[in-house]
Amino acid sequence: MPMSPARTGRPGLAHSAAGRFPLALLGMLVACGPKPATPAGVAGELRGPDGSAVPEGGIGRSIRRGHALLVATRDSLPDHVGNALRCTSCHLDEGRKPGAIPFTGVYARFPQYRSRVAAVQRLEDRINDCFERSMNGRALAFDDPAMRDIVAYFAFVSRGIAVGDSVPGQGVTLGTALAGDTVAGAAYFVTSCARCHGATGDGTTIAPPLWGPRSFNIGAGMGRLRTLTGFIHANMPFDKPGTTSEVDAVNVAAYVAAQSRPDFPGKERDWPKGDAPPDVPYRTLAKPKK
Ligand code: HEC
Ligand code: HEC
């Protein structure tokens, strides 16, 4: 798979179309003849999982804005993003990639009980968790137009998926090991990661930071060893996914997790029922339950 750093920060919808077709030709394709059976050929047009196109009118505009916010998060919402990431830095392929926390069906997975807060969360709460932790930023008001647009987009990419159903490749397949060899991980980082993420892990123009002040904060799910291991094992290196063994993945994850990153004040109140998973990299106040 060719890596496409050009996607980084590029908002809008006709991204691959613009890259592959002169726009005039695209216009002709759309103008003449019946709609192609496989719209993916006309590349870049947003599709729901059931193949449906973005509807016209106000809801369509909202869906398109929601999509643009996920791929150009910082430019669109500078007051809510405190690092160099965008939503699709982790929700890869613009949130469509199985094994990379796809958004497909996400609207059907909420409300959901989450042990980290020991409460039922709405989809908006979950979005804000990623703003506050993964993006090291600030929550959006539930009635902020940007929040409504993101939810509209999530509903669109969940069409045809029944409430409560799960989708293959949803989330991240967690790693199994609870420790890695950071020395071996450092060596793997140099050979397999640094060319994109930078020798000091703080990002380059083609890939976002993995640690340091411009990375996700300590409270983010990606800071957990098993999540990070699973994500790397399935998805990295970006241009050669599937080539990192689980051992290499846990070693490099341990190395990445051992570096400094922004704090998340209040993290000690996570998992208030004492059921924090074993790979959470900070202490929580609640007494661990047996
Ligand atoms: C640093 C990586 C990272 C970034 C950046 C990030 N997320 Fe996430 N996100 C995660 C992880 C990890 C999970 C949890 C995966 C799991 O539970 O298996 C998650 C879960 C989610 C979920 C729930 C998914 C589900 O299937 O239940 C939503 C919704 C979400 N993120 C939205 C966002 C939005 C919106 C942004 C941008 C404002 C964002 N994320 C940025 C890592 C990230
Ligand atoms: C060919 C370039 C390339 C290589 C090599 C590469 N990555 Fe990435 N990585 C990316 C890009 C690009 C993204 C963000 C994708 C986007 O924004 O669409 C990313 C995202 C990530 C993320 C989630 C976002 C973040 O910054 O926290 C992690 C974690 C990650 N890579 C770890 C690794 C590790 C570990 C290695 C080595 C095993 C590696 N990557 C190798 C290009 C690369």
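Laboratory data are not the source of any read-out in this text; all were calculated from the coordinates shown. As the structure is a computational prediction, the values presented were derived from the model and not from experiment. For neighbour counting, all protein chains shown are included, and Cβ atoms are generated from backbone atoms with ideal geometry for every residue, glycine included.
Length gain on complete extension for the stretch ALA119 to GLU246, per 0.36 nm per residue less the alpha carbon to alpha carbon distance? Between ALA119 and GLU246, full extension yields an extra 42.4 nm. What separates the Cα centres of the stretch 66-86 and the stretch 109-135 is a distance of 18 Å. Amide H contacts for GLN121 (H built 1.01 Å from N in the peptide plane; partners 5 or more residues away or on another chain; cut-off under 5 Å): GLN112, TYR113, ARG114. Modelled spin labels at ASP181 and PHE238, positioned 7 Å past Cα toward Cβ, are 2.9 nm from each other. Backbone phi angles across the stretch 78-85, fed through the Karplus curve with coefficients 6.51, -1.76 and 1.60 (θ = phi - 60°), yield HN-Hα couplings of x, 6, 10, 10, x, 8, 9, 9 Hz in residue order; Gly and Pro are listed as x.
With the contact rule set at Cα under 8 Å and sequence spacing of 6 or more, what percent relative contact order holds for the stretch 173-281?
Details: 178 pairs, mean separation 39.3, N = 109.
Averaging sequence separation for qualifying contacts and normalising by length gives 36 percent for the stretch 173-281.
Compute the relative contact order of the stretch 122-222 as a whole-number percentage, counting only Cα pairs closer than 8 Å that sit 6 or more residues apart in sequence. It would help to have the intermediate numbers written out before the result.
On the way: 70 pairs, mean separation 29.8, N = 101.
With pairs under 8 Å counted, the relative contact order is 30 percent.
With a cut-off of at most 16 other beta carbons within 10 Å, and DSSP calling the residue loop, which chymotrypsin sites (Phe, Trp or Tyr not before Pro) in the stretch 173-272 qualify? Please list them.
On the way: sites: TYR188, PHE189, TRP211, PHE216, PHE231, PHE238, TYR255; in loops: TRP211, PHE216, PHE238.
Passing sites in the stretch 173-272 are PHE238.
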